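Working notes for the structure below.
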Amino acid sequence: TVTWNCMISGYVHNHRIADAQRIFDVMPERNVVSWTALLTGYAKCGMLEEAQEIFDRMPERNVISWNSMITAHVNWGKIDKAREMFDNMPVRNATSWAIMVSGYIHHKLVEKASALFDQAPVRAVSLYNALLSGYVELGKIKDAEDLFANLQDPNVVSWNSMLTCYARSGRMDLAKALFDKMPEKDIISWTTIIQGYLKNGNVKAAHQLFVQMPVRDIIAWNTMIGGYAQVGKLEDALQLFEMMPQRDIVSWNSILQGYVQSDDMASAWLWFRKMPQRS
RNA sequence: ACACGCUGUCCAGGCU
């Protein structure tokens with residue numbers, strides 16, 4: 001069953017819901033993981049009613065099934081329905097609380113998010129992070145700082161949110177100080193600080209860090225390319241574009257955007273025609 | 001790599 005479930009989950013990640021459903025139908029026996037994975041698959045494809053139907057039909061549900069269904073509602077704008085399920089679920093874990101707080105945050109309902117945060121029986125780091133990202137998103141620097149200061153044991157996600165906070169408000173001095181102080185940095189920390197320098201007009205510093213970073217994924221490459229493109233340094237952008245191990249649609253769009261930004265519509269059009277149909 | 005959640009890139013959209 002585990003092997004079959006892996007296949008379902010693989011298809012779900014690729015948004016191949018028809019194939020996931022096919023596996024689900026032919027597998028000899030299904031457990032709660034199979035059902036939940038399928039539910040998530042429908043939800044990811046925007047088929048909320050089908051997801052709900054699966055949820056209702058499942059022979060058994062655990063806290064993850066509930067969380068998955070709540071996430072589905074949150075992601076498709078049904079925040080009230082999500083809250084209703086949250087209130088009615090038999091058992092809530094730390095993730096349930098984080099999902100709901102994060103749902104409110106994404107709907108810009110910060111008051112509701114912080115009210116719920118205050119009610120949480122256990123303050124997991126992910127719960128803090130959900131609220132923190134909301135403060136950061138809305139530029140509430142002081143609130144973010146206070147919340148971060150209250151964190152007993154911030155993880156790399158918390159640190160990264162604070163990096164974003166300072167970078168977005170133009171305080172690259174604070175961002176860099178924080179970056180240097182981080183107990184551990186991941187690829188997102190590096191990309192965030194690079195993006196910060198780019199947005200604040202320091203392409204040189206950005207590039208230095210780009211060269212220094214231990215591992216670069218496609219998003220890091222795209223970030224640096226986009227930074228060059230935005231300031232009209234298209235040769236640099238193109239050079240990186242050629243160098244990167246693989247490209248996705250964002251890589252192509254970033255260069256395109258660079259041409260548009262430079263008012264070079266002729267090159268933009270040529271580039272557009274060179275773009276692969278899908279990626 | 002058996003299912004859910006919090007942080008980074010282009011564009012578009014949605015909400016207030």
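When A:ALA130 is tested against (1) more than 22 Å from the chain's Cα centre (by Cα); (2) within 13 Å of RNA strand B (Cβ to nearest atom); (3) hydrophobic (A, V, I, L, M, F, W, C), only condition (1) is not met. Only one of the numbered conditions (1) in contact (Cβ under 8 Å) with a residue 24 or more places away in the chain; (2) at positive phi is not met by A:ASP263, and that is (1).
Selection of helices (runs of 4 or more DSSP H) fully inside the stretch A:148-203 by the criterion of at least 2 residues being out of contact with any Asp or Glu (no Cβ under 9 Å at 6 or more places or on another chain) and among the β-branched types (Val, Ile, Thr) returns A:187-199.
Condition check ((1) farther than 15 Å from A:LEU209 by Cα; (2) within 11 Å of RNA strand B (Cβ to nearest atom)) across all residues:
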| position | (1), (2) |
| --- | --- |
| A:ASP143 | yes, no |
| A:ASP146 | yes, no |
| A:ALA149 | yes, no |
| A:VAL156 | yes, yes |
| A:MET172 | no, no |
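The residues of the stretch A:67-119 that are of a type in the set (Gly, Ala, Ser) and either closer than 18 Å to A:ASP56 by Cβ or more than 9 Å from RNA strand B (Cβ to nearest atom) (or both), listed by number, are A:SER68, A:ALA72, A:ALA82, A:ALA113, A:SER114, A:ALA115. A:TRP35 satisfies every condition listed in (1) touching a residue at least 24 places away in the same chain (Cβ under 8 Å); (2) more than 24 Å from the chain's Cα centre (by Cα); (3) within 28 Å of A:LEU132 (Cβ to Cβ) except (3). Can you confirm whether the stretch A:260-268 contains a residue that is in a helix (DSSP H, G or I) and within 29 Å of A:GLU137 (Cβ to Cβ)? Yes, some residue in the stretch A:260-268 is in a helix (DSSP H, G or I) and within 29 Å of A:GLU137 (Cβ to Cβ).
Residue check: A:GLY41 meets all listed conditions (1) crowded, with 19+ Cβ neighbours inside 10 Å; (2) over 30 Å from A:ASP153 (Cα atoms); (3) more than 10 Å from RNA strand B (Cβ to nearest atom) but one, namely (3). Contact map, the stretch A:5-32: residues that are of a type outside the set (Val, Ile, Thr) paired with residues that are exposed (fewer than 13 other Cβ atoms within 10 Å of the Cβ) and part of a loop (DSSP other than H, G, I, E, B), Cβ distance under 8 Å, separation 6+ or inter-chain. Pairs shown: A:MET27/A:THR1; A:PRO28/A:THR1; A:GLU29/A:THR1; A:ARG30/A:THR1; A:ASN31/A:THR1.
Annotation: of all residues in the stretch A:61-88 being of a type in the set (A, V, I, L, M) and within 21 Å of A:ASP118 (Cβ to Cβ), the one that is surrounded by the fewest Cβ atoms within 10 Å (Cβ to Cβ) is A:ILE79.
Results for (1) surrounded by fewer than 17 Cβ atoms within 10 Å (Cβ to Cβ); (2) within 25 Å of A:ALA206 (Cβ to Cβ); (3) modelled with pLDDT of 95 or more, shown as yes or no for each residue.
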{"residue": "A:PRO90", "(1), (2), (3)": "yes, no, yes"}
{"residue": "A:HIS107", "(1), (2), (3)": "yes, no, no"}
{"residue": "A:LEU151", "(1), (2), (3)": "yes, no, yes"}
{"residue": "A:ASN160", "(1), (2), (3)": "no, yes, yes"}
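When the stretch A:220-255 is filtered for residues that are near RNA strand B (Cβ under 7 Å from one of its atoms) and either in contact (Cβ under 8 Å) with a residue 40 or more places away in the chain or not in a helix (DSSP H, G or I) (or both), nothing remains. Are any residues in the stretch A:174-198 crowded, with 17+ Cβ neighbours inside 10 Å and within 8 Å of RNA strand B (Cβ to nearest atom), and if so, which ones? Within the stretch A:174-198, A:ILE188, A:SER189, A:TRP190, A:THR191, A:THR192, A:ILE194, A:GLN195 qualify.
The values are calculated or read from the model by the stated rules, or taken from the named source; none is laboratory data. The structure presented is a predicted model; accordingly, all values stated were derived computationally and were not measured. Cβ atoms come from the backbone with ideal geometry, glycine included; neighbour counts cover every protein chain shown.
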